[in-house]
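Please see the structure below; I have some questions.
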Amino acid sequence: VGSSTYGRFPLISDERTVNMFISDDWLINFPGYLNALTIASGGKEGRGIYHSVRGNFVLIVIDNIVYRIEPNLGSTIIFTLPDATGEVFMDENLSAQIALVDGKSPTPFIYNYGIATPTMSAALLTGGTAFVPNYVTYQNTFFIFGNANKDPGGSQWFVYKSGFTPPGPANPYALTWVQTLTLQTKPDFALAAIRIPSHGNNLLVLGSTVAEIWTQVAGIQTYQRQSSINIDYGVASVSTIAASDDMICWLGINEKSSPAIMVMSGGQAERISTDGIDFLLGDVKFPGDSTAMFYRQDGHVFYILTFFNAADNLSIMYDFTTQKFYDLTDWDFT
């Protein structure tokens with residue numbers, strides 16, 4: 001049994017394995033899906049999904065509508081966003097606030113399920129400077145936002161804390177500015193920040209051509225850059241950033257190279273894409289139109305990367321357990 005090798009030339013290797021993966025030297029089916037609930041139909045765009053462990057519900061964004069899904073699969077419309085396209089990102093703090101950003105609106109949106117009537121509203125940002133939040137992650141009581149701006153202030157990323165502390169609510173949709181920090185290694189844009197799983201107070205800040213590791217410290221400055229190391233790859237699409245176990249994976253790119261799949265564990269990053277994969281990715285016409293996720297089954301950890309533009313129409317999967325690539329398709333191999 002084999003995998004998808006994506007040889008540079010078919011004469012070298014044209015082996016492809018579709019919708020299967022290797023387990024104990026056998027090829028077995030990769031999971032499909034079960035349609036458990038139809039929320040919207042008719043060409044709607046699914047834009048994001050978030051599972052609240054503490055709230056025991058799921059938030060789903062379809063077009064410009066935010067739905068809350070209960071464990072019994074009951075759904076409720078909770079908010080209407082101003083925009084209907086593009087991936088959204090969500091994360092939650094300890095004050096029952098879920099922050100949602102879409103890279104277009106000038107403020108994040110806050111869903112507060114800790115108040116008597118849970119609702120969503122544009123966040124009231126106290127302090128700081130104006131920016132367009134591009135990505136959100138929660139770490140150690142802080143919401144940390146990437147920056148969608150491409151002006152001279154686009155190198156800045158932002159740290160906010162909750163403005164709501166139960167049981168005495170000041171404003172259930174307020175966030176208080178703590179600090180504005182800057183991507184430093186290269187002249188770049190601070191697109192996203194994500195906590196490094198299994199590594200305490202460490203944070204990975206990703207630009208378009210470089211990434212830096214920052215650590216939360218005690219004192220006036222909330223985060224401090226690890227000056228002895230940086231990663232010379234930024235992110236081609238923030239939607240491809242995914243974390244699992246002790247790894248962060250993303251579709252990397254810099255000013256001197258075409259896209260490559262990058263993985264970071266701890267403080268080190270490496271390229272996991274092979275020559276054939278890099279050739280395949282070099283043929284992608286719209287690398288920004290991509291998204292990715294981690295999935296685990298039977299001890300296998302998969303990174304699933306999809307290029308959804310009609311000109312590319314491609315999904316590949318990397319199995320970290322066997323260190324092999326595979327193709328994923330629907331019923332008609334698209």
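For Y160, all conditions in the list (1) assigned to a loop (DSSP other than H, G, I, E, B); (2) among the aromatic types (F, W, Y); (3) free of Cβ contacts under 8 Å to residues at least 40 places away in the same chain hold save one; what is the number of the exception?
(1)
Please return the ranges of strands (runs of 3 or more DSSP E) entirely within the stretch 60-107 where 1 or more residues are β-branched (V, I, T).
In the stretch 60-107, 65-69, 75-80, 97-101 are the strands (runs of 3 or more DSSP E) which contain 1 or more residues that are β-branched (V, I, T).
Of the residues in the stretch 99-144, how many are over 23 Å from G207 (Cα atoms), in contact with a strand residue (DSSP E or B) (Cβ under 9 Å, 6 or more places away or on another chain) and among the hydroxyl-bearing types (S, T, Y)?
Qualifying residue count for the region: 6.
Kindly establish whether V136 is modelled with pLDDT of 90 or more, open to solvent by less than 30 Å² (accessible area, probe 1.4 Å) and farther than 20 Å from Y223 by Cβ.
Taking the combined requirement at face value, the residue does not satisfy it.
Just to be sure before I move on: is A310 open to solvent by 20 Å² or more (accessible area, probe 1.4 Å), of a type in the set (G, A, S) and farther than 25 Å from V205 by Cβ in the structure I sent?
yes
The rows are residues; the columns are (1) in a loop (DSSP other than H, G, I, E, B); (2) crowded, with 16+ Cβ neighbours inside 10 Å; (3) without any contact (Cβ under 8 Å) to a residue 12 or more places away in the chain.
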| site | (1), (2), (3) |
| --- | --- |
| Q221 | yes, no, no |
| R225 | no, yes, no |
| P259 | no, yes, no |
| A269 | no, yes, no |
| V284 | yes, yes, no |
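Would you mind stating whether L251 is surrounded by 15 or more Cβ atoms within 10 Å (Cβ to Cβ) and either free of Cβ contacts under 8 Å to residues at least 12 places away in the same chain or under 30 Å from L305 (Cα atoms) (or both)?
Yes.
Please give the number of the condition L100 fails out of (1) modelled with pLDDT of 90 or more; (2) surrounded by fewer than 18 Cβ atoms within 10 Å (Cβ to Cβ).
So the condition that L100 fails would be (2).
Here is a check on your reading of the model: is A36 of a type in the set (A, V, I, L, M), surrounded by fewer than 17 Cβ atoms within 10 Å (Cβ to Cβ), more than 23 Å from the chain's Cα centre (by Cα) and in a loop (DSSP other than H, G, I, E, B)?
So A36 passes the test.
Report yes if G55 is in a loop (DSSP other than H, G, I, E, B), open to solvent by less than 50 Å² (accessible area, probe 1.4 Å) and closer than 25 Å to S198 by Cα, otherwise no.
When the stated conditions are applied, G55 passes them.
Right, G154: farther than 22 Å from T291 by Cα, of a type outside the set (A, V, I, L, M, F, W, C), open to solvent by 30 Å² or more (accessible area, probe 1.4 Å) and without any contact (Cβ under 8 Å) to a residue 60 or more places away in the chain or not?
When the stated conditions are applied, G154 does not pass them.
Among the listed residues Q216, Q184, identify the single one that is touching a residue at least 12 places away in the same chain (Cβ under 8 Å), in contact with an Asp or Glu (Cβ under 8 Å, 6 or more places away or on another chain) and open to solvent by 40 Å² or more (accessible area, probe 1.4 Å).
Matching residue, one of Q216, Q184: Q184.
The values are calculated or read from the model by the stated rules, or taken from the named source; none is laboratory data. Keep in mind that what you see is a predicted model, and the values were worked out from it rather than measured. With ideal geometry, Cβ positions are generated from the backbone for all residues, glycine too; neighbour counts draw on all protein chains shown. Accessible surface is based on the protein model in full, side chains and every heavy atom, while ligands, DNA and RNA are left aside. Shrake-Rupley method; radii C 1.70, N 1.55, O 1.52, S 1.80 Å.
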